[in-house]
Structures are given as structure tokens and as C-alpha cells.
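Worksheet: the structure to be examined is printed underneath.
Laboratory data are not the source of any read-out in this text; all were calculated from the coordinates shown. Please read all numbers here as calculations on a predicted model, not as lab measurements. Here the Cβ positions follow ideal geometry from the backbone for every residue, glycine too, while neighbour counts run over all protein chains shown.
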Amino acid sequence: MLNIGNMDRRITIERETETVSPSGDARKVWAPVATVWAEVLQQTASEFFTGYGEAETGTVIFRVRYRPGITSADRVTYDGQPYGIKEIKELGRRDALELRGEALK
């Protein structure tokens, strides 16, 4: 089920954290959790109808080795583009994860 040879892309899994600047202001920033090898299974531009007309979204499925603690609140950065994680699917018994991401603007 898991073919390590197909994992030929580097992605970074990031989590939103809150930092305090020297002036005392709290800011939310994306901090890297892990940089891992991934297989990009699908990269499409799918159109869907919204209340205000048509819109395009870039959807990508990343397959990575199993890592505990990844949630849909995290995001993936691939090739300089951030993707919000919309769905996480466990493959096998903790063999791998499929992360379905949607391009963020």
C-alpha cells in the first residue's frame, strides 16, 4: 500500500502558534512542525459553485508516512504554496496518512 519510492516531494507541515513581540503584542504565526517526504497524488483545479458564482480551488492530496498529532487546524506548504488541510485519512494501521489540502490565497 505504501510505496516509499513515490515520496519524492518535500512538504512542510505547519501549525499556527501565538508569539509575543518585544513590544508586547501577541501575533499568530505559522511555525513548522515537520518537513517530510510526500507523494503528491492529485493536483487539480476544481470548480465549484458558490452563492456568488463560480470559483476555482486547487486541491492536492499528499501521502506521507504516519505522524501522530496532525489535525485539520494545521496546514501544508508545498512548492511555496500553503494548503489548508481539509481531510485526513489514515491508511493501513498507522502506515501512512493522506492529507487532502486546498490552496489558500
Give the long-range amide H neighbours of L104: residues separated by 5 or more places, or on another chain, with amide H under 5 Å away, using H modelled in the peptide plane at 1.01 Å from N.
Y83, G84
Quick one: T59, T71, fewest Cβ neighbours within 10 Å first, how do they rank?
T71, T59
Convex hull around the C-alpha positions of region 4-103: the volume in Å³ per residue is 129
Among I4, I13, I61, rank each residue by its count of other Cβ atoms within 10 Å, from fewest to most, as a rough exposure measure.
I4, I61, I13
So which trypsin sites (Lys or Arg not before Pro) in region 59-95 end up in coil per DSSP with only 12 or fewer other C-beta atoms within 10 Å?
R93, R94
Can you give the relative contact order of region 4-103 as a percent, counting alpha carbon pairs under 8 Å and 6+ residues apart?
25
